[in-house]
Amino acid sequence: MAELSSVDWSRAQFALTALYHFIFVPLTLGLSFILAIMETIYVKTSDEKWKKITQFWMALFAINFAIGVATGIIMEFEFGTNWANYSWFVGDIFGAPLAVEGIMAFFLEATFFAVMFFGWNKVSKGFHLLSTWCVAIGSNLSAFWILVANGWMQYPVGMAFNPDTARNEMQNFFEVALSPVAIAKFLHTIGSGFVIAALFVMGVSAWFLLKKRFISEAKKSLVVGASFGFVCSIFLFFSGDESAYRVTQTQPMKLAAMEGIYKGEHRAGLVPFGILNPNKTLGDNENVFLFGLEIPYALSILGNRDPNSFVPGIEDLVYGNSEKGVVPMQERIDNGKLALNALKNYQLAKENNDTKAMSEHRSILEKNFKDFGYGYFDDAKELVPPVALTFYSFHLMVALGSLFFLLFIVVLYLSMANNIEKFRKILWVCVFFVPLGFVAAEAGWIVAEVGRQPWAIQDLMPVGVAATNLGAVNVQISFWLFAVLFTALLVAELKIMLTYIKKGF
């Protein structure tokens, strides 16, 4: 396994890049559809005010889009520089959705972006509207292929391991592309992007109302933002429910960390609010929570669609639970070591042209390959993700999502009643909720990625093995360079956006 400090710096660098990238991406995903809706209203009504409104939000979309692309490209290069072992092990699979993204979605996005941004009064209204919708669909298709790749890392399917090359090879493209984990992840991620964009439109519009500027344009934008946010929040609720169900079925350790469950139980309750006991460790008798509210049966329903079902805890997964058919981690570690040794012996037999031995070792490898990654560990406790970070991130995301839903209802009602500008406190809430949308999205991303640790590819490749064997100093230098660069890009975006917003519609 690579040197720990180098691996940690590589993880920190990728996390830094992903967190910054994920500031820009959700706004692009959601704002693209809001633009399409606003321009559709303009084309349907021929009201020039809607054209003016669409152009204002389109300029903010373009600023955010350009900086988001820059951070995304850097992230893809990091697979080659910092994660070379990972790229070798699964490049034949992981590369396919990224290539499809470049060929199909990115071309669709890039081609029509130029028409959308520069084509006003140069092409027909209908073609311009078509271009705006194509940009929205293309942006979200890009996200689809990226999340197919990420979904495969969480739930590897549709492939076979080739012991001659020590690489995984794709066997079924559609099984990879239509994996239920990938689909659930895609729907929930774009749903969060839609909600962030709705909060952004509401927050900026509320600021104009507070300043008593561009009242008509701001009120129209506010109605679109609140309506879009309300519908997307409902969508987000159902996609989140499906995501939690998929996590329970494919990554039970992640679910146990999300809910702070150490001992599994039937008719498991869900803890919507709780404070973890910091002294709790694996196998002791300490209480898990210092304080916690519980909704009976809810976790069994959420995870298995059955109120009486059993939900395993961290200790069941680590030590095993024979009554419930849960295999102990130590057994999987032993299986993994058999698989690793079989691969090594297979390659030695191949060098000696010993076909009989090759066949025997290949058979052992195939039998134990599902536990291949466990062979890199000696202690089952290393297979437990950071519980506190996963738990609090998950609950912060859910709490903020619930608050957003309530805010959309209130703002939509007051906007439809045509007196929203009288409720200045609500308008200020809209303004201050803009950054909270990004906080919720980042918290969700932390749940997805930290909750599956220590895996780069679930059950097959630990993060430590996936990393390139670089010197720690090299990664540290690039980490700080990227930190400065990304911060500068974020500051630049905020400055340009605020300058443009101050000018108004």
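The values are calculated or read from the model by the stated rules, or taken from the named source; none is laboratory data. Only a predicted model underlies this, so the values are computations on that prediction, with no experimental measurement involved. Positions of Cβ are backbone-derived with ideal geometry, glycine not excepted, and every protein chain shown enters the neighbour counts. Quick note on the areas: whole protein, heavy atoms, side chains included, nothing else; ligands and nucleic acids left out. Shrake-Rupley method; radii C 1.70, N 1.55, O 1.52, S 1.80 Å.
Computed quantities for the displayed model
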item	result
Helices (runs of 4 or more DSSP H) wholly inside the range 346-455 that include at least 2 residues being of a type in the set (A, V, I, L, M) and under 29 Å from LEU147 (Cβ atoms)	387-416, 424-450
Qualifying position, being free of Cβ contacts under 8 Å to residues at least 60 places away in the same chain, loosely packed, with under 15 Cβ neighbours inside 10 Å, closer than 21 Å to LYS254 by Cα and not hydrophobic (A, V, I, L, M, F, W, C), among SER363, SER359, SER322	SER322
Matching option when the condition is over 30 Å from the mean Cα position of the chain (by Cα) and closer than 24 Å to ILE190 by Cα, among ILE41, ILE37, ILE23	ILE41
Scan of the range 135-159 for residues that are more than 30 Å from PRO462 (Cβ to Cβ) and either open to solvent by less than 20 Å² (accessible area, probe 1.4 Å) or among the basic types (Lys, Arg) (or both), ordered by number	VAL135, ALA136, GLY138, SER139, ASN140
Residues that are modelled with pLDDT of 90 or more and farther than 12 Å from THR28 by Cβ, drawn from the range 132-144	THR132, TRP133, CYS134, ILE137, PHE144
Leading residue by the ranking (farthest from LEU29 (Cα to Cα)) among those in the range 80-106 that are open to solvent by 40 Å² or more (accessible area, probe 1.4 Å) and free of Cβ contacts under 8 Å to residues at least 24 places away in the same chain	GLY80
In the range 186-203, the residues that are more than 15 Å from VAL25 (Cα to Cα) and either among the basic types (Lys, Arg) or surrounded by 24 or more Cβ atoms within 10 Å (Cβ to Cβ) (or both)	VAL201, MET202
Scope the range 325-336; condition touching a residue at least 12 places away in the same chain (Cβ under 8 Å) and either at positive phi or open to solvent by less than 70 Å² (accessible area, probe 1.4 Å) (or both); matching residues	VAL326, PRO328, MET329, ARG332, ILE333, ASN335, GLY336
Inter-residue pairs, beta-carbon under 6 Å, first under 17 Å from VAL135 (Cα atoms) and in the range 52-73, second acidic (Asp, Glu), 6+ apart	THR54/GLU39; ILE67/GLU493
Pair list, Cβ < 7 Å and 6+ apart or interchain, from the range 296-317 residues that are within 19 Å of PHE273 (Cβ to Cβ) and without any contact (Cβ under 8 Å) to a residue 24 or more places away in the chain to residues that are surrounded by fewer than 23 Cβ atoms within 10 Å (Cβ to Cβ) and of a type outside the set (Asp, Glu)	ILE301/PRO307
Subset of the range 63-79 that is open to solvent by 10 Å² or more (accessible area, probe 1.4 Å) and either of a type in the set (Asp, Glu) or in contact with an Asp or Glu (Cβ under 8 Å, 6 or more places away or on another chain) (or both) - its residue that is nearest to GLU101 (Cα to Cα)	GLU76
The lone exception for PHE112 - which of (1) crowded, with 19+ Cβ neighbours inside 10 Å; (2) more than 19 Å from LEU460 (Cα to Cα); (3) in contact with a Lys or Arg (Cβ under 9 Å, 6 or more places away or on another chain); (4) among the hydrophobic types (A, V, I, L, M, F, W, C) it fails	(3)
Which numbered condition TRP120 misses (of (1) open to solvent by 50 Å² or more (accessible area, probe 1.4 Å); (2) in contact (Cβ under 8 Å) with a residue 12 or more places away in the chain; (3) among the aromatic types (Phe, Trp, Tyr))	(1)
Residues satisfying the stated conditions in the range 257-313, i.e. touching a His at 6+ places or on another chain (Cβ under 8 Å) and open to solvent by 30 Å² or more (accessible area, probe 1.4 Å)	PRO272, PHE273, ASN308, PHE310
Residue selected from the range 381-423 under the condition over 27 Å from the mean Cα position of the chain (by Cα) and open to solvent by less than 50 Å² (accessible area, probe 1.4 Å), by the criterion farthest from SER233 (Cα to Cα)	ASN419
Any hit, the range 15-22, residues being closer than 23 Å to ALA226 by Cα and either surrounded by fewer than 19 Cβ atoms within 10 Å (Cβ to Cβ) or of a type outside the set (D, E, K, R) (or both)	yes
Qualifying residue in the range 150-160 (condition: closer than 18 Å to THR28 by Cβ and either out of contact with any Asp or Glu (no Cβ under 6 Å at 6 or more places or on another chain) or in contact (Cβ under 8 Å) with a residue 60 or more places away in the chain (or both))	yes
